[in-house]
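Before any comments, here is the structure.
Values quoted throughout were computed directly from the atomic coordinates according to the rules given, and no laboratory measurement underlies them. Note that this is a predicted model, so its numbers are computed, not measured. All Cβ positions, glycine included, derive from the backbone under ideal geometry; neighbour counts span all protein chains shown.
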Amino acid sequence: MENMLNEDIRKQVREMFAEIDQPVEVLFFGTEDEASCQYCKETGQLLEEVTSLSDKLSLKQYDLEKDGAVASQYKVDAAPTFVLAGRDGDSVTDYAVRFKGIPAGHEFSTLVNALVIVSKRDSGLSDKTRQFLGELKKPVKLEVFATPT
């Protein structure tokens, strides 16, 4: 199977991953049924290649249907979806960072940056923003979409 990332891209990503502080686990949810998941195979391969570029990154692959309990635990309801979580020994912390679909093209840099951010265990939000969020009385669901269009 041919690599999705050429050596120049791999070198650039390794340089960015030098900033990774603490371990990150990527939990990939796909399906073996290519008819119901057009990009599962490619997304899994891309994540394998990306996580191989740092010893602080690991990848666990799950089948959305066969591993339904794990998918439910991480609130994953579609494939391909993957979760970026903090790893501390045997403990995994879910920071609610999800990617749906294959992070190709412009979305690839978003993936690389998100891995570095999750490794730092800090959102980078200002104290004022943290205070505002701490005062919220109801849960808020925030979704961010990255697309060139």
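Taking label points 7 Å from Cα along the Cα-to-Cβ direction, Gln38 and Glu19 give a separation of 3.2 nm. In order along region 15-29, the Karplus-derived 3J(HN,Hα) couplings, from 6.51 cos²θ - 1.76 cosθ + 1.60 at θ = phi - 60°, round to 4, 5, 6, 4, 7, 5, 9, 10, x, 10, 10, 9, 10, 9, 10 Hz, and Gly and Pro are given as x.
Distance between the 7 Å Cα→Cβ label points at Phe132 and Lys56: 2.9 nm. In this simple spin-label approximation, Gln45 and Ala96 carry label points 7 Å from Cα along the Cα→Cβ vector, and these lie 3.5 nm apart. Here the Karplus relation 6.51 cos²θ - 1.76 cosθ + 1.60, evaluated at θ = phi - 60°, turns the backbone of region 38-48 into coupling constants of 4, 10, 4, 4, 5, 5, x, 5, 4, 5, 4 Hz, with x for every Gly and Pro.
When only alpha carbons are used to place a centre, region 82-103 and region 6-77 end up 9 Å from one another. Taking the helices alone, the chain has a mean residue ellipticity at 222 nm of -10000 deg cm²/dmol, built from -39,500 (n - 2.57) per DSSP H run of at least 4 residues and averaged over all its residues. Determine, from the Cβ-Cβ distance of Lys120 and Leu142 and an R0 of 22 Å, the FRET efficiency 1/(1 + (r/R0)^6), rounded to the nearest 0.05. Here the calculated transfer efficiency is 0.70.
Considering only alpha-carbon pairs that sit under 8 angstrom and 6 or more positions apart, the relative contact order computed for the chain is 27 percent. For Tyr62, the residues whose amide H sits under 5 Å from its own are Phe28, Phe29, Gly30, ignoring neighbours fewer than 5 places away on the same chain, with H placed 1.01 Å from N.
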